[in-house]
Amino acid sequence: MKSPLLSLPGAVSAEGVDEGVAAHYGDLFREQRALADGAGFVDLSHRGVVAVTGEDRLSWLHLLLTQHVSELPVGEATEALVLSAHGHIEHALYLVDDGTTVWAHVEPGTQEALIAYLESMKFFYRVEVADRTDDFAVVHLPAGSIAEVPDGVVVRETAYGRDLFLPRADLEAYAEKAGPAAGLLAYEALRVEHHRPRLGFETDHRTIPHELGWIGTAVHLQKGCYRGQETVARVQNLGKPPRRLVFLHLDGSDVHLPPHGTEIRVADEGEDGRKIGVVTTSVRHFELGPVALALVKRNVPVDARLVAGETAAAQEVIVEP
């Protein structure tokens, strides 16, 4: 779905899974600074929007998700995961309940598979699940923003800003009032700075929540059974995850950022050293310079000098070894 905001001056379309919204509007660092200062907005209208209605919506979702949502207060934002039977991450949901409906935005293109799973688990519960992506666009206002929110718009407010579930037909008109527009690259740079994992970037087919630090924020350890809980409990009580998320400070003299999937080695082991991890997201930050999130083997020493492809990197601990 192509956003109408790609017609704004300077807009350059994002690529890959984020195609359809602007990567930037001509000045990446200016856009980052604006967001960091609480100004502007980010067009996230390519993300999927799922709505769950019905009397049993919270108690039903509580049985399926990793988060404690059976008593979720109206207007309180949370996030949750859907795991496989083996505890691997399949979906990430960013939720809020408005009193009659649970609204969630999810990664672009994942809503159909998520809805298929939810539909298969309805049984006799009084719930209805709907794909509202065609009707609602997600717009992000950064922390500290004083931009006006139209009456009746559902808002998901977090420490990082507010996500608006805006009627898609109102997107262009709202953009005129909420500017300046910031592209997805600016949004991603701040996401990396805040060590926030993203499904499909920091995850692969075998990722478990402990590896990414999603315990607590998206996984509640004192709730009832859900699919994949056995793995979560076993790792929490008896062991450590095989990998851990780290923050990398990259050599700023390199022209190119190491892309997603770039192999990471220990620098002291030379060019033939063993692979100990991969870059998951790399960005250019307006203050920190080139930085990245990466997954490395748990036993990699925290003071080890690393190389991401050909780029020297120093790690900062996110998930403890």
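If you sort the three axes of the alpha carbon gyration tensor as a ≥ b ≥ c, you get a/c of 1.5 or more for the range 165-321 and a/b no higher than b/c, which makes it oblate.
With the whole protein complex present, Phe123 retains an accessible surface near 140 Å², based on a 1.4 Å probe. Taking the protein heavy atoms of the chain in the context of the full set of protein chains, the accessible area attributed to carbon and sulfur is 51 percent at 1.4 Å.
Here the dipole of the range 228-321 is about 480 debye; that uses its Cα centre as origin and unit charges on the Cβ of Lys and Arg (positive) and Asp and Glu (negative). In the chain, helical runs assigned H by DSSP with n ≥ 4 each contribute -39500 (n - 2.57); averaged across all residues and rounded to the nearest 500, the mean residue ellipticity at 222 nm is -5000 deg cm²/dmol.
A simple charge model with +1 on the Cβ of Lys and Arg, -1 on the Cβ of Asp and Glu and nothing else charged puts the dipole of the range 99-179 at about 280 debye relative to its Cα centre. Once the 1.4 Å probe is applied to the protein heavy atoms, the range 193-321 comes out at 49 Å² accessible per residue. Calculated accessible area for the range 1-77 comes out at 42 Å² per residue, all protein chains present (probe 1.4 Å; ligands, DNA, RNA ignored).
Sorted into 10 angstrom bins from 0, the C-alpha pair distances of the chain split as 6, 25, 32, 25, 10, 1, 0 percent. An oblate overall shape is assigned to the range 77-128, the ratio a/c of its alpha-carbon gyration tensor axes (a ≥ b ≥ c) being 1.5 or greater and a/b not exceeding b/c.
With the convex hull constructed from alpha-carbon coordinates only, the range 1-139 shows a mean projected area of 9.6 nm² over all directions.
Annotated for the chain: lysine pairs at least 8 residues apart or interchain, Cα distance under 26 Å, count 6. In sequence order, the range 262-278 has phi-based couplings of 4, 6, 10, 10, 7, 4, 5, 8, x, 5, 9, x, 5, 6, 10, x, 9 Hz under the Karplus curve 6.51 cos²θ - 1.76 cosθ + 1.60, θ = phi - 60°, and Gly or Pro positions carry x. For the range 44-113, a/c is not less than 1.5, where a ≥ b ≥ c are the root eigenvalues of the C-alpha gyration tensor, and a/b does not top b/c. That puts it in the oblate class.
The values are calculated or read from the model by the stated rules, or taken from the named source; none is laboratory data. Owing to the predicted nature of the structure, the values given are computational and were not obtained by experimental measurement. Reconstructed Cβ throughout: ideal geometry from the backbone, glycine too, with neighbour counts over all protein chains shown. The accessibility values were calculated without ligands, DNA or RNA, using every heavy atom of the protein model including side chains. Shrake-Rupley method; radii C 1.70, N 1.55, O 1.52, S 1.80 Å.
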